[in-house]
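Input: a single structure, listed below in C-alpha cells.
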Amino acid sequence: MATAPAPTKPRPVAERVPGKPNGRPKPPPAPDRPAMTRVERGLNVGAVVLPFAAFAAAIAFLPSTLLSSLDLVLLGVGYLVGGLGITIGFHRLLTHNAFATHRRLRYALAIAGSTAVEGPVISWVSDHRKHHAHADDDGDPHSPHVDHGTGLRGAVRGLYHAHMGWLWETQGRADYRRYAPDLLEDPGMRRINAAFPVIVAASLALPALVGGLATGSLGGAATGLLWGGFVRVFLLHHVTWSINSICHFFGRRRFDTDDRSTNVFWLAPFSFGESWHHNHHAFPRSATHGLRWYELDPAGWAIGGLERLGLAWNVVRIAPERQAQREQAPAPR
C-alpha cells in the first residue's frame, strides 16, 4: 500500500493533474482539437437519444417486453462491467494513476469501460484531466457554473450543459498530446481507443446473442438487446453524467478546494462511489473516494480486493491527518 505523504501545509491543489501544476494558478486552457463535426455531433446525439427512446419504450410497454430473470441478469452484468470499467479503469487507474496493475488488466479495464459507451478511452481520459485542470473555470468541458447566466435560468442551462449538453459542444475536444501523452505512447491503448465502435457493437450484440440462444427465440434476442444493451447504456450514461451536473451543484462539501464539487450520498451505490466527488477533487489520486467508513465506495473496495490478490499495487490512500489539513474551517457563528 502506498500512502501519500503529508505536506507541511495545505496547498490550493492537493494532487498533480496533467496540465495543472501543483500549488500554481490554473494555466490558460490549451487549444482544443478541431471543432466537432456534424457527423461527430450526430453520432453523439444518436448515442444519447437511442438509449433514452429504448428505455422509455421498455417502461411504457413493460408487460409486453416480458422482462425476465435472464434480462435482469444481462442488465446487471452489463451495468457492472461497464460501470466498474469506467470508475476503476477509465477514471481511477488511467486518468489519475491511483494504483498500478499489470498491462493486461489495464487493457481489460479499458475495454470494459468502453462498453459504457461514453467515448473512446483516450478521449475520455483527456476530457477528464482537462476538467480537473480547469474545474469550474474557463476551459472546463462540462462545468455547470461557467458562462451559463445567473438566476434560475442560468442554473438550468448550466445543469443541462454539465449533464449532456456538453456532448455536442466540447466532448472529445481536449488535446490528447497535452492531457493524455502517456496513453498515446501505449500502442495497446491506441488500438483499444480506435476499436471503440467495434467494442460498442459487441457490447450490444452479446446480450442479444445470449438472450436468443438461451430462449431459442428472436423475442429473447430482442429483449436481451433491449435490457442488456440499450437500457443498460441509458442507466450508465445518466449516472455518470449526474456526477458532472448534480455533484457540482447540490450536496455537501468538507474540504478547501478551488472548485464547486460536492458529495452526494444517494448517488454512491449507483455510481460505485463516484459521487463522493468533492472528496475526489480534494484528493484526485486517491484510489478510494469514500474517505469515511460510512461513505459507500464499491469501486474502492474492488481496488482493495485487487490489491489483496496481488493484482494491484502502489494503491494511493490519504491519511486522516492529511485529510484534516484540508478540511474547511467551520463557518463563524
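Read-outs throughout are calculated quantities, based only on the coordinates presented, and are distinct from any laboratory measurement. What you are looking at is a predicted structure, and each value in this text was computed from that prediction instead of being measured. Positions of Cβ are backbone-derived with ideal geometry, glycine not excepted, and every protein chain shown enters the neighbour counts.
With both residues required to sit in the chain, DSSP beta bridges show an antiparallel share near 75%.
When V198, V121 are arranged by Cβ crowding within 10 Å, least crowded first, meaning fewest neighbours, the order is V198, V121. Across the chain, C-alpha contacts under 8 Å between residues 6 or more apart give a mean separation that, scaled by the residue count, equals a relative contact order of 25 percent.
Compute the label zone of A324 within the stretch 241-284: residues whose backbone N is under 20 Å from the point 7 Å along Cα-to-Cβ. Correct set: 254-257, 279, 282-283. As a ratio to 2.2 N^0.38 Å, the alpha-carbon radius of gyration for the stretch 43-116 is 1.40. Taking every pair of alpha-carbon atoms in the stretch 192-333, give the share separated by more than 26 Å as a whole percent. Beyond 26 Å sits 44 percent of the P(r) for the stretch 192-333. As an equivalent ellipsoid, the stretch 71-225 spans semi-axes of 31, 22, 12 angstrom, where each value is the square root of five times an eigenvalue of the C-alpha gyration tensor, largest first. Once you divide the Cα radius of gyration of the stretch 223-267 by 2.2 N^0.38 Å, the number left is 1.56. Note on R103, R173, R157, R92: ascending count of other Cβ atoms within 10 Å places them as R103, R157, R173, R92, the fewest first. Neighbour counts of other Cβ atoms within 10 Å put Y294, Y176 in the fewest-to-most order Y294, Y176. Using the alpha carbons alone, the radius of gyration of the chain stands to its Kirkwood radius in an Rg to Rh ratio of 0.97.
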